[in-house]
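The values are calculated or read from the model by the stated rules, or taken from the named source; none is laboratory data. Here the structure is a predicted model, which means the values were calculated and not measured. Note: ideal-geometry Cβ built from the backbone for every residue, glycine included; neighbour counts use all protein chains shown. Each accessible area value is taken on the protein alone, full model and side chains, heavy atoms only, with ligands, DNA and RNA left out. Shrake-Rupley method; radii C 1.70, N 1.55, O 1.52, S 1.80 Å.
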Amino acid sequence: MIVLGVALLAACTLIGVYLGDLLGQLLGVKANVGGVGIAMILLIAARLWLSRRGRLTRGVQFGVEFWAGMYIPIVVAMAAQQNVVAAMSGGPIVLIAATGSLILCFGAVALLSRIGRRDPGSAVVEHGGSVIEGDAEPAPVGRPAASLAGKE
């Protein structure tokens, strides 16, 4: 039943919010710390548990997936807005942290692109460029496209 999927999502949300508030109190912060993340971890764990026991019916799965798809972006956007408003009152450290994380992300993307780069002179890359330009012959059935690159 779809209703059971929604009930599972609601239970995980309530438990996550409660544990997030409890964690905030333990840390001495007057806020929910990680409640949404805890709720999503609980939901994933509950889905895996139900799936392994053969109790995850199509209706339950549909209910969880539908509302999880709607729930996650909305709650994350609300939490992000709240965090930005609260953080801006913290002073210039917010801008320093944001700039630092942006630079780290750009560096990580550059590093990953260099690690995953293929040899520009390889037959696969050359054939891909020919296909994009529209000059390559289509690969015959049963023959890999890479073998055509040396033919051109």
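So which of Val76, Val6 ends up being in contact (Cβ under 8 Å) with a residue 24 or more places away in the chain, assigned to a helix (DSSP H, G or I) and within 21 Å of Ala87 (Cβ to Cβ)?
Of the residues listed, the single one that is in contact (Cβ under 8 Å) with a residue 24 or more places away in the chain, assigned to a helix (DSSP H, G or I) and within 21 Å of Ala87 (Cβ to Cβ) is Val76.
Can you find a residue in region 37-51 that is modelled with pLDDT of 80 or more, open to solvent by 40 Å² or more (accessible area, probe 1.4 Å) and not in a helix (DSSP H, G or I)?
Checked against the condition, which is being modelled with pLDDT of 80 or more, open to solvent by 40 Å² or more (accessible area, probe 1.4 Å) and not in a helix (DSSP H, G or I), region 37-51 yields no hits at all.
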